[in-house]
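*Asks:* Before we start, here is the structure in question, set down as C-alpha cells.
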Amino acid sequence: AVPLVVAVSTSLSAGNGLLIRDRAAFERARNLNAVVFDKTGTLTEGRFGISDIVLLDDGDEATELGFAAAAESQSEHPIAHGIVAEAKARNLTIPKATDVSNITGEGIVAKVDSQDVRIVSPGHLARQGNPISHNGLKQLEGQGKTVVVLVRDGVPRALFALADIVRPESKEAIAELQSLGISSIMLTGDAKGVAKAVSEELGITEYFAEVLPEQKSQKIEELQARGLSVAMVGDGVNDAPALVVADLGIAIGAGTDVAVESADVVLVRSDPRDVGAILGLSRATYRKMI
Ligand code: ADP
Ligand code: MG
C-alpha cells in the first residue's frame with residue numbers, strides 16, 4: 001500500500017507541475033548535493049535563430065544558406081530548425097539532400113548537388129585537426145551564440161551563429177538551489193566560450209563544455225565518485241544515458257520522448273524552478289513519515 005503522506009504529495013506534485021515516475025528516486029531527492037543541468041533546451045529554450053553569417057570563402061550568403069538548409073531540413077535538432085527557418089524567411093529555394101546522417105552532438109552530413117555537405121561544430125573540426133582560425137568565431141561564442149561551420153567538399157565555407165533564449169526562470173532556479181545548499185553545474189555539447197557566457201549570465205560557477213553525448217553520463221559518474229548525490233536535468237536524446245545514471249533524473253516536459261522516458265521526474269511546465277520544488281516536496285514528505 002502507498003503510505004498516505006506519499007499519496008498526498010504525489011497529488012500535490014501534480015498540482016505543482018511535477019510528474020513523478022519513480023517514487024524511490026523522488027525519496028532520494030531530499031539528500032541531493034548537486035544538480036547538473038544540460039544547457040540547450042534545458043536552461044535555454046532551445047529555439048535558435050540565425051544572428052550572423054560569416055563567409056569564409058568567395059561564396060554568397062544565399063548559396064551557403066541554401067546548402068546548409070538542404071542538409072538540415074532532414075534534422076530535428078533545434079539548430080536545424082533555426083537554419084531552415086532563415087532560408088525560408090529569405091525565400092530561398094532549398095535544394096534536395098540525400099544520404100543524410102547525424103553525427104550526434106557534433107553535426108550532420110549529407111549529399112547536396114553531388115557535393116559532400118557537413119554542418120558541424122567548430123570543436124568537431126578542431127578534433128579532426130582542422131581548427132577554424134577566423135577571429136569572428138571566438139567573438140560570437142563569447143556573446144553566448146552557438147556557431148556551426150558549413151563545410152562543402154572539404155572546404156569551410158561559412159559560419160552560422162545562432163542565438164538561443166535563456167529561459168527567464170533559469171537564473172532564479174539556480175539561486176534557489178544555492179539557498180538550499182545545492183550546487184548547480186552546467187553540461188553542454190556546445191563550445192567553451194558559449195558555456196562560459198551562459199554560465200556567467202545564470203550565476204553558475206562550474207561548467208563542462210564540448211561534452212559528447214556518451215561523456216555526459218561519465219561526468220555524472222565522476223561527480224558521484226566524489227561522494228555527491230547528483231540530479232541531472234535534460235531534454236535531449238543525448239541526455240538520456242545521464243538521466244538514467246543520475247541519482248535523480250529530471251526531464252524537461254517539452255523535451256524529447258526518450259528523455260522523458262529515461263527520467264524519474266518530469267517538469268511538466270518545463271520550468272527549471274520546479275527542480276527546487278521537487279527537493280522541498282521530497283524533504284517535506286519523508287520528514288513527515290519518520
Ligand atoms: P547540448 O548538449 O547543448 O544540448 P547537443 O549535444 O545537442 O547540445 O549539440 C552539441 C553541438 O553539436 C551543437 O552545439 C552543434 O555544434 C552540434 N550539432 C548537433 N547537431 C547539429 C545539427 N543538426 N547541425 C549542426 N550542428 C549540430
Ligand atoms: Mg539539450
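*Asks:* Roughly what angle does helix 274-289 make with the longest principal axis of the chain, taking Cα atoms, 0 to 90 degrees, to the nearest 10?
*Replies:* Approximately 20 degrees, to the nearest ten.
*Asks:* From the Cα gyration tensor of segment 45-138, with a ≥ b ≥ c the square roots of its eigenvalues, which class applies: rounded if a/c is under 1.5, or else prolate if a/b is larger than b/c, or else oblate?
*Replies:* rounded
*Asks:* Next up: Just check segment 217-290 against the gyration tensor rule for me: Cα atoms, a ≥ b ≥ c as the square roots of the eigenvalues, rounded for a/c under 1.5, and otherwise prolate or oblate depending on whether a/b exceeds b/c.
*Replies:* Oblate, since a/c reaches 1.5 and b/c is not below a/b.
*Asks:* Can you give the angle from 0 to 90° between the axis of helix 4-15 and the longest principal axis of the chain, with both taken from C-alpha atoms, to the nearest 10?
*Replies:* Around 30 degrees separate the two axes.
*Asks:* What ranking do TYR286, TYR207 get, fewest neighbouring Cβ atoms within 10 angstrom at the top?
*Replies:* Ranked by crowding around the Cβ, least crowded first: TYR286, TYR207.
*Asks:* So, one more: Which angle from 0 to 90°, rounded to the nearest 10, does the C-alpha axis of helix 78-89 make with the longest principal axis of the chain?
*Replies:* 50
*Asks:* Under 22 Å Cα to Cα from LYS216, which lysines show up? Leave out anything in the same chain fewer than 8 places away.
*Replies:* Qualifying lysines at Cα under 22 Å: LYS39, LYS145, LYS192, LYS196.
*Asks:* Rg and Dmax of segment 70-190, Cα atoms, in Å?
*Replies:* 17.0, 57
*Asks:* Also, quick follow-up: Based on alpha-carbon atoms only, what is the radius of gyration of the chain relative to the globular estimate 2.2 N^0.38 Å? Working shown, then result.
*Replies:* Details: Rg = 20.6 Å, N = 290, 2.2 N^0.38 = 19.0 Å.
Relative to the 2.2 N^0.38 Å estimate, the chain comes out at 1.08.
Rule-based calculations on the coordinates, nothing more; no lab input. Remember, it's a predicted structure, so these values are computed and weren't measured experimentally. As a convention, Cβ positions derive from the backbone with ideal geometry for all residues, glycine included, and neighbour counts pool all protein chains shown.
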